[in-house]
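The values are calculated or read from the model by the stated rules, or taken from the named source; none is laboratory data. All values reported here derive from a predicted model rather than from experimental measurement. Here the Cβ positions follow ideal geometry from the backbone for every residue, glycine too, while neighbour counts run over all protein chains shown.
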Ligand SMILES: [Ca+2]
Ligand SMILES: [Ca+2]
Ligand SMILES: [Ca+2]
Ligand SMILES: [Ca+2]
Ligand SMILES: [Ca+2]
Ligand SMILES: [Ca+2]
Ligand SMILES: [Ca+2]
Ligand SMILES: [Ca+2]
Ligand SMILES: [Ca+2]
Ligand SMILES: [Ca+2]
Ligand SMILES: [Ca+2]
Ligand SMILES: [Ca+2]
């Protein structure tokens, strides 16, 4: 979509799917790393997120801090550089853990310098070990993705049965990837390294 | 206007437009950097700001910390020098993200040593990547700018349709720039580097 | 069980038994240690845990910090590396100290590089000196373990009398180990060092 | 007055004018800097001050930290020495920003070693850039100053019109200086450097 | 008693007497010191203690930090090693200062490597100077000690008159030591240095 | 009195006079400094004190940190050694600033190694510059001092008129010193340096 193409043009932004008070909606998770010379440190979380979403941000970061080296991500960039995760105002997502893989993707995009694919939206809780755990609202989230022009959707493998509830005409226009580990998410959601724009350094 | 000319005479102050309980109003965002020898650190935010406005201050700072070097701003000045953002008492703005570009401009003015143009007022949410996102209350804000003698107004590009609601006699007396990236904001809102007063050092 | 086998495949995850609002249930405690180069520090606890469960996490960590060397665990790994304990969403356990030995096991698994045995579930308060103290809800917890396909259960020695309340058909299908010191827990719950996968380093 | 002469005998104390629940009153703002060897740091604020008054203390300090060197104040004294601002019990001022210039004067007095003139009382909000902004209650404050034997009063220039409300017999016995920048305040309120007692060192 | 013998087998645990909602009860105070290599610091207090009990823990620690060297305790062990004081779940003591000497004893036991005598229970507020101050509930506490098989009880000297309220058959089976300084407490409550197990080092 | 003689036997304890819910009472303020090797830092305040009393403790400490060297007190002892101010349980004083000079005396006693005179009780607010400011409840406090066997009482000079309210038979048995600066307090309240017991070092 034009909006997600614009928003995800630079590394550090990923497209999530959320349940709001009025159905499903698309949300953008943005991540930034402060210049190492600018004196920032720690994790800042903004966007008026609920307690559980704030915990998801911490889990995404801990996952990358403990497993990021195996993913060939430059985890030392997380040291002495302030990390900021932000969800810009817009649709207000209900609190819950389902933005976990979107937050992990935004951070991994920033670290790798690989922008997120603008045609991909996702939902899923992430565990500290990188497992993708099932979430609620899959039907509303897929309807929202479809409305917003998203063509590819990542859902937790354990949510596959929920696809039965999605109207066939919508379902048939979406490519849905059930995933069970966050490594699969990153492979599907990030532009290939070949097309890599330089990482924020 | 005399007031905004006085208030923005020195680098570090930018003129914003806000919705208050009684319509629109002009507000001034002030930024200071402590002398490196004076032992301050971190970000102090004052002015009895709401939660969302405080988050906007953090986003403005994170944007400059991560992208400031590309803008040729001396981001190392943000290290080991306490940063203070203040909105002096006066009109009480409703809480919201629309002071984001004003806060970013005040900080960039301070870092660059380029004072803000006193004839420019602005409104717009800023994202971590520097996108200018749409806000509410554009009509009241333009009426307030006009009343206060502001001649040039910056609004988010996605708010252009709202200009239809502004009375023609007001609209015709204002130069309105729709902007979509904070780089455009800084180019339009800061005095040229040639007219630069020395940066606070 | 398939789920606990999947969840405990890597070191750092242990299977606990909890009382929830609707009976007993299985919970997974996950632990991670940040890469020493990634700049994390301190203990992060997530999972919307109650006050008493958060204290249990602190006790588990203090136990390992004061006695871990005697257990030949590399306690220096706990320095300058952020520790994160998380209980993923799912069954919401009632607040209480009975996840103490599960939390201790998750951390010891991570430090030793010895994965937890997927067939073992456990419940028990842990004291600062490593004593296993009695807990409530033993009957519901054993029923839940049985339902979930757990074959071996560790309970506090002082809870042995509660086994009388467990239906004989369930009791006979479970191997129950009454334990009084957390050293016994670790011996029974962790894979032998021979089968050791490399520690997170 | 005898009281303000006693209270302002040493550098670090300035006389302010406040609105209380029962009219106007005089208040004393005290500042101290810890001995550099005594291990204190940061800013301590006491006196049961409201939120806005606490922000005024932070603004006063940030002003001096960013602009103090231009005023030839030894701002390095603010590093590694705990700063304490206190308003002793007595009249309870309504919360508001009008003690800003009094707080700035107390701190500048301490740094310069120039005691405050005991015959001077003052009111005014201070901005981060040192502008003196208008306040409320000017009439009650001048009546209180007169009652307390204060002979010279500093008010914000933009409050000059409020002088019309002060009874002529009181007005004629007071020397009133409208001020618009805190530099004017310091020149009028502090004893000349010639009469300087040694700075707290 | 078997339980207190088990709980106090290692240095760092002391037996206290408390008033609960249902009379008197025995409680165990546990202390641990983190391995110096494990990166812990500061004081952690757990056990869902009330505000006053938490203050008692701080007083016990400050007493040892300021006077411990006179007692030939290795106070440097308190530096750079996280201290944890815990009261395991069980009887819920009413909030109050009467666990002060028990907390001091647990910490002194840990530092000295001298285990607490399992036959000794105690109650008493401790002052910063080590004075033992009087407490309430002496009668219920002695009845609880007797029920639990404790044979020796330490009470504040100023509580001696309360012994008149204790039934003669209980009183005659207990050895009661009135104490006025915490040094007496430590002499009576800790195993002699000769029987010393090695200190946690 | 026997009690105050016992409590003030060592440097670091001063006797104050307070208003409680049931009249006046004597209170003891205790101060301790951690051994420099024990790793403590900062100011700890215990005794369930109200907000204003906690501020008094901070003011007492800041006074000594900024002016202590003039009093020939070893203020460097305040660095890298945790300071603890405690008011043991007993009479619950109403919150207020009147323990200020007692807190200052306890700290100065500790630093100087000069014990407080056990026959002296005191009340008075202290300002950051060391002025003794007037307080309430002088009559009840003197009655309480008399009841407790205190023979010498220090009150703020500006409270002298309140002595008229004290019954003549009590007044005639007390030596009352009106004081206006905390230096006078320390001279009257501390044992002479000649009788000095060694400072806590
Ligand atoms: Ca909120
Ligand atoms: Ca893209
Ligand atoms: Ca507020
Ligand atoms: Ca200008
Ligand atoms: Ca919560
Ligand atoms: Ca396994
Ligand atoms: Ca308050
Ligand atoms: Ca003077
Ligand atoms: Ca609680
Ligand atoms: Ca023993
Ligand atoms: Ca309280
Ligand atoms: Ca004495």
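Picking from C:8, C:44, C:22, which residue would you name as being in contact with a strand residue (DSSP E or B) (Cβ under 6 Å, 6 or more places away or on another chain) and at pLDDT below 95?
Numbers: C:44 fails: at pLDDT below 95; C:22 fails: in contact with a strand residue (DSSP E or B) (Cβ under 6 Å, 6 or more places away or on another chain).
From the options C:8, C:44, C:22, the qualifying one is C:8.
Residue B:188 fulfils the conditions (1) part of a helix (DSSP H, G or I); (2) away from ligand 4 (no atom under 16 Å from the Cβ); (3) in contact with a strand residue (DSSP E or B) (Cβ under 7 Å, 6 or more places away or on another chain) except for a single criterion, (2). Only residues that are over 20 Å from residue A:66 (Cβ atoms) and without any contact (Cβ under 8 Å) to a residue 60 or more places away in the chain were counted in the range C:6-48, giving 2. Of the residues F:80, F:25, the single one that is within 11 Å of chain E (Cβ to nearest Cβ) and more than 16 Å from ligand 10 (Cβ to nearest atom) is F:80.
Just to verify a result, which residue in the range E:3-15, among those that are farther than 12 Å from residue E:85 by Cβ and more than 11 Å from chain C (Cβ to nearest Cβ), is farthest from ligand 4 (Cβ to nearest atom)? Please lay out each step first, then the result.
Restricting attention to the range E:3-15, the residues satisfying the condition of being farther than 12 Å from residue E:85 by Cβ are E:3-11, E:15.
From what is left, the residues that are more than 11 Å from chain C (Cβ to nearest Cβ) are E:4-5, E:15.
Working: E:4: 77, E:5: 80, E:15: 74 Å.
Only one residue tops the list, namely E:5.
For the range E:54-64, the count of residues that are outside any strand (DSSP E or B), under 23 Å from residue C:60 (Cα atoms) and within 14 Å of chain C (Cβ to nearest Cβ) is nonzero.
For the residues B:110, B:85, the requirement of being more than 16 Å from ligand 4 (Cβ to nearest atom), more than 8 Å from every other protein chain (Cβ to nearest Cβ) and at pLDDT 95 or above singles out B:85.
Looking across the range F:144-163, the residues that are more than 29 Å from residue F:67 (Cα to Cα) and in contact with a helix residue (DSSP H, G or I) (Cβ under 6 Å, 6 or more places away or on another chain) come down to F:146, F:162. Scanning the range C:190-200 turns up one or more residues that are modelled with pLDDT of 95 or more and within 19 Å of the chain's Cα centre (by Cα).
The single residue among D:3, D:55 that is away from ligand 10 (no atom under 16 Å from the Cβ), more than 14 Å from the chain's Cα centre (by Cα) and either more than 23 Å from residue F:51 (Cβ to Cβ) or touching a residue at least 60 places away in the same chain (Cβ under 8 Å) (or both) turns out to be D:3.
Every condition in (1) assigned to a loop (DSSP other than H, G, I, E, B); (2) surrounded by 22 or more Cβ atoms within 10 Å (Cβ to Cβ) holds for residue E:80 except the one numbered (2). Are any of the residues in the range D:135-151 within 13 Å of another protein chain (Cβ to nearest Cβ), away from ligand 12 (no atom under 16 Å from the Cβ) and either touching a residue at least 24 places away in the same chain (Cβ under 8 Å) or not in a loop (DSSP other than H, G, I, E, B) (or both)? Yes; the residues of the range D:135-151 include at least one that is within 13 Å of another protein chain (Cβ to nearest Cβ), away from ligand 12 (no atom under 16 Å from the Cβ) and either touching a residue at least 24 places away in the same chain (Cβ under 8 Å) or not in a loop (DSSP other than H, G, I, E, B) (or both). Within the range C:164-185, the residues that satisfy the criterion of being in contact with a helix residue (DSSP H, G or I) (Cβ under 6 Å, 6 or more places away or on another chain), closer than 11 Å to residue C:142 by Cα and either in contact (Cβ under 8 Å) with a residue 60 or more places away in the chain or in a helix (DSSP H, G or I) (or both) are C:165, C:170.
Does the range E:40-53 hold any residues that are under 9 Å from residue E:95 (Cα atoms) and buried (at least 16 other Cβ atoms within 10 Å of the Cβ), and which are they? Result: E:49, E:52, E:53.
For residue D:36, the criteria (1) at pLDDT 95 or above; (2) more than 7 Å from every other protein chain (Cβ to nearest Cβ) hold in every case but one, which is (1).
Out of E:64, E:78, one residue alone is within 17 Å of residue E:12 (Cβ to Cβ) and modelled with pLDDT of 95 or more. It is E:64.
Exactly one residue out of A:98, A:118 is in a loop (DSSP other than H, G, I, E, B), within 14 Å of another protein chain (Cβ to nearest Cβ), over 20 Å from residue A:71 (Cα atoms) and more than 16 Å from ligand 6 (Cβ to nearest atom): that is A:118.
Name the single residue that is nearest to ligand 12 (Cβ to nearest atom) among those in the range B:3-17 being under 27 Å from residue B:136 (Cα atoms) and surrounded by fewer than 24 Cβ atoms within 10 Å (Cβ to Cβ).
Of the range B:3-17, the ones under 27 Å from residue B:136 (Cα atoms) are B:3-5, B:7-8, B:12-17.
Then drop every residue that is not surrounded by fewer than 24 Cβ atoms within 10 Å (Cβ to Cβ), which leaves B:3-5, B:7.
Working: B:3: 65, B:4: 67, B:5: 68, B:7: 61 Å.
It comes out as B:7.
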